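The values are calculated or read from the model by the stated rules, or taken from the named source; none is laboratory data. On a predicted model such as this, the values are computed, not experimentally measured, just so you know. Quick reminder, even Gly has a Cβ in these numbers, built from the backbone with ideal geometry, and neighbours come from all protein chains shown. Surface areas here come from the heavy atoms of the whole protein model, side chains and all, with no ligands, DNA or RNA. Shrake-Rupley method; radii C 1.70, N 1.55, O 1.52, S 1.80 Å.
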Amino acid sequence: MKKDRFIEELLNEFADSSDPDAPKITVNTKLASIEGYDSLSVVSLVSFISKRFGINIIAKKLNEVGTIGDLMNLIGMDKFED
């Protein structure tokens, strides 16, 4: 999966990506700063990762993730293209 596509799909899960005033999201963006991302989002994120990548990550690990880039590293950078 391309990195940009991953970020776009991630935003669709948690935020209103149609908002023209929404800040630009990058690999350096902190998950906690994404509008709509909260403790319930962690459960959705576990499902999102499982469906998209076929891997299971426990919620506790996701709570330790700081940025989107950290999340991508946890998933495995070999699963992403530039």
Selection status of Lys2, exposed (fewer than 14 other Cβ atoms within 10 Å of the Cβ), in contact (Cβ under 8 Å) with a residue 12 or more places away in the chain and in contact with a strand residue (DSSP E or B) (Cβ under 6 Å, 6 or more places away or on another chain)
yes
Only one of Ser41, Ser33, Ser18, Ser47 is at pLDDT below 85, open to solvent by less than 100 Å² (accessible area, probe 1.4 Å) and of a type in the set (Ser, Thr, Tyr). Can you tell me which?
Ser18
Can you pull out the helices (runs of 4 or more DSSP H) entirely within the chain that have at least 2 residues that are charged (D, E, K, R)?
3-14, 39-53, 59-63
Within the stretch 5-15, restricting attention to residues that are open to solvent by 80 Å² or more (accessible area, probe 1.4 Å) and under 14 Å from Gly69 (Cα atoms), which residue is modelled with the lowest pLDDT?
Glu8
